[in-house]
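The values are calculated or read from the model by the stated rules, or taken from the named source; none is laboratory data. Quick caveat: nothing in here was measured; it's all calculated off a predicted structure. Every residue, glycine among them, receives a Cβ derived from its backbone with ideal geometry; neighbour counts consider all protein chains shown. The protein model used for the area step is the full one, side chains on, heavy atoms only, and it has no ligands, DNA or RNA in it. Shrake-Rupley method; radii C 1.70, N 1.55, O 1.52, S 1.80 Å.
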Amino acid sequence: IVAHDDMTTYRSWSGYGDELCWGALWLYRATGNEAYLTKARAAWDEFDLGTDAIQFSWDDKRAGCYGMVFLDMWGANRHCANVAYIALWAAQYGDQSKSDKYREWAQGQINILLGDSGHSFVDGTYSDDRNDYVHNEVACDYNAAFTGAIAALVELN
């Protein structure tokens, strides 16, 4: 993958590293070729894409590089777990022709939270700073769907 820093035709406010990572992840998903995953990991590290992913837009693909649902920086893992729970509910009570797909997708989201991404978001990855409400706030909507999704997955297995 080659990127050109041509500011005369395209102005990227976030840089091009996020597009390199996101594109490599899609190529890996489409082909299964590990070389693309290696390139994605290299771009992740080189361009420090693990910070400040607050949106997904035409210019900023950092949130797409996470591999999990990312809707907002406030309780980002909450959104991932909430949508996984909704997918599991839909698998149980919705369109049965898609239930396996919904369950597999939800399992993938929970697996990312539990550590498939290289570290667990559940075991205290963030520092225990009570003034950091963005990462450490405790609320029912942060925990209930995660617990519900885990319970649904345990029931399925």
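Here are some notes:
- Taking residues in region 63-80 that are under 20 Å from Trp22 (Cα atoms) and open to solvent by 40 Å² or more (accessible area, probe 1.4 Å), and partners anywhere that are assigned to a loop (DSSP other than H, G, I, E, B) and not hydrophobic (A, V, I, L, M, F, W, C), the pairs with Cβ atoms closer than 7 Å and at least 6 places apart or on different chains are Gly67/Ser117.
- Taking the criterion of being loosely packed, with under 13 Cβ neighbours inside 10 Å and within 18 Å of the chain's Cα centre (by Cα), the residues of region 115-133 that qualify are Gly118, His119, Asp123, Gly124, Thr125, Tyr126.
- Whenever a residue of region 127-155 is under 14 Å from Asn77 (Cβ atoms) and small (Gly, Ala, Ser), its partners that are open to solvent by less than 60 Å² (accessible area, probe 1.4 Å) and assigned to a helix (DSSP H, G or I), lying with C-beta atoms within less than 6 angstrom and at least six residues away or across chains, give the pairs Ala145/Ala81; Ala145/Asn82; Ala149/Ala81; Ala149/Ala84; Ala149/Leu88; Ala149/Ile110.
- Qualifying residue in region 81-100 (condition: surrounded by 18 or more Cβ atoms within 10 Å (Cβ to Cβ), part of a helix (DSSP H, G or I) and among the aromatic types (Phe, Trp, Tyr)): yes
- Residues that are open to solvent by 40 Å² or more (accessible area, probe 1.4 Å), at pLDDT 80 or above and assigned to a loop (DSSP other than H, G, I, E, B), drawn from region 46-57: Phe47, Asp48
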